[in-house]
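Readers should treat all values here as calculations from the given coordinates under stated rules, not as data from a laboratory. Quantities reported herein were computed from a predicted structural model and do not represent experimental measurements. With ideal geometry, Cβ positions are generated from the backbone for all residues, glycine too; neighbour counts draw on all protein chains shown.
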Amino acid sequence: MRLGIDLGGTKIEIMAVGEHGKELLRRRVPTPQDTYDETVRAIRDLVLDAEDKLGARGTVGIAIPGTISRKTGLVKNANSTRLIGHPLDKDLSQGLQRAVRVENDANCFTLSEAADGAAADVGNVFGIIVGTGVGGGVCVGGRILSGAHGIAGEWGHNPLPAQNPREIEDAPHCYCGKRGCIEAWCSGPALARLYKAHTRQALSVPDIVAAARRGDKPAADEMEMYYDRLARSIATVVGILDPDIVVMGGGLSNIDDLYTELQPRVERYAFTPEGPTRIVKNMHGDSSGVRGAAWLWREEEIPLALPK
C-alpha cells in the first residue's frame, strides 16, 4: 500500500493507493496555520489514522509547494513559508519511524499523469501547472527528473521569451524579485490583472474566457495575447526537452480552447520540423498531486515489511 500526502497552504489531503492505482481511502483536513510543528503532527496523525482504518502500513510520499535543498536538507522555495528552513522529510521520518519521500507538487502532478494518467506509458513528459502560479515538472521513463538543485521543470521564473518592445516596457514585477517572469505574465491572477489594466473592468478568468467565446473583442484580444505568450513559453521548453507529450494541470487547464489554440502556436515558435508537440489535459485533475506523492515509491522499492 502507498500513502500519498498533498500538503497545500489551506488543506492537507491523504490518499491510500492499492494495487493498480486503486484508491482505498481519501481524507482532507485544514492545514494548521500557526506553527511548523503543528503541520508535522497533522501529517503524522493523518498517516497513522489511515493505516488504523485500513489495517495495514504503507510507504509515505509527500507533495509540497517547494523542494528540499540538496545542499542543506531544508525546505526552500515554498510559498507555504512556515515550511522554509526545516528538514521536513527527516522530521516526518522520525515521527512515523520509516523512510519518507518529499517532492515538489508539480513533480508529483507530472509523475501521477505519467504513471497512470494522460501520459501513461509515455517516455518523456513535461507537466505544466497553470493556476495561481506557473509551475512544471519533468518525468523521463516514469521517474521524476529533479535536477542538480531540485528545480528541474521550474520554468515559471524564466523570463517571458521573445518579448516585444511593449512587453519589455510593461514587464510586471514577480514575487521572486525579478520582472517579466513567465508566471507574472501567464498565471491566472496575471491574466485577470492584465485584462483589468487594458479594459478597466474586473472580471474573473472564467468570465474573461466566456466573454471571448461570445465574441467580446477586448476579451478575445486578451486571450489571443495570453495564448501567444503561453505558447512562446512552452516552445522554449520543447526546444530543450523535446517532450513526447505536455500535460496541462491547474485551474487554467480547464480552458478547453487551450488544446486547440496552443498546439499550432507552439509548433510555429518551436524547432519542430517533424510534427506538433502533443498538448493534453490531465486525467486526474485535483487528485494528481496526492496520487503522484503516492507513486514516489515504485513497486520494486516497497519493502515487504516496514519497521514499526
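Close amide H contacts of ARG27 (hydrogens built in the peptide plane, cut-off under 5 Å, sequence separation of 5 or more or a different chain): ILE14.
Under the √(5λ) rule applied to the eigenvalues of the Cα gyration tensor, what semi-axes describe the equivalent ellipsoid of region 165-220? Give them in Å, descending.
Details: eigenvalues 104, 28, 16 Å².
In descending order the semi-axes read 23, 12, 9 Å.
Place a point 7 Å from the Cα of ASN124 along the Cα-to-Cβ direction; which residues of region 212-242 have their backbone N under 11 Å from it? The answer is 238-242, whose backbone nitrogens lie closer than 11 Å to the label point. For the pair THR10 and LYS281, the difference between a 0.36 nm per residue extended length and the Cα-Cα distance amounts to 95.1 nm.
Dividing the convex hull volume of the alpha-carbon atoms in region 1-107 by its residue count gives 96 Å³ per residue.
I'd like the orientation of helix 36-54 relative to the chain: the angle between its Cα long axis and the longest Cα principal axis, in ° from 0 to 90, rounded to 10. Its long axis makes an angle of about 70 degrees.
FRET efficiency for the pair ARG193 and THR81, taken as 1/(1 + (r/R0)^6) with r the Cβ-Cβ distance and R0 = 30 Å, rounds to 0.85.
Can you give the % of DSSP beta bridges in the chain that are antiparallel, to the nearest 5? It would help to have the intermediate numbers written out before the result.
Values: 26 of 45 bridges.
Counting DSSP beta bridges with both partners in the chain, the antiparallel share is about 60 percent.
Set Lys and Arg Cβ to +1 and Asp and Glu Cβ to -1, take the dipole of the chain about its Cα centre, and tell me which of ALA42, GLY66, ALA192 lies farthest positive. Positive-end residue among those listed: ALA42.
Classify region 120-282 as rounded, prolate or oblate, taking a ≥ b ≥ c as the square roots of the eigenvalues of its Cα gyration tensor: rounded when a/c is under 1.5, otherwise prolate if a/b is larger than b/c and oblate if not.
Details: a/c = 1.77, a/b = 1.44, b/c = 1.23.
It is prolate, given that a/c is not under 1.5 and a/b is the larger ratio.
Of all DSSP bridge pairs formed entirely within region 120-282, close to 55 percent run antiparallel. On the principal axes of its alpha carbon atoms, region 196-265 extends 39, 20, 18 Å, with the longest extent given first. Straight-line reach from LYS178: taking Cα to Cα under 24 Å and skipping same-chain neighbours fewer than 8 places apart, the lysines in range are LYS71, LYS76, LYS196.
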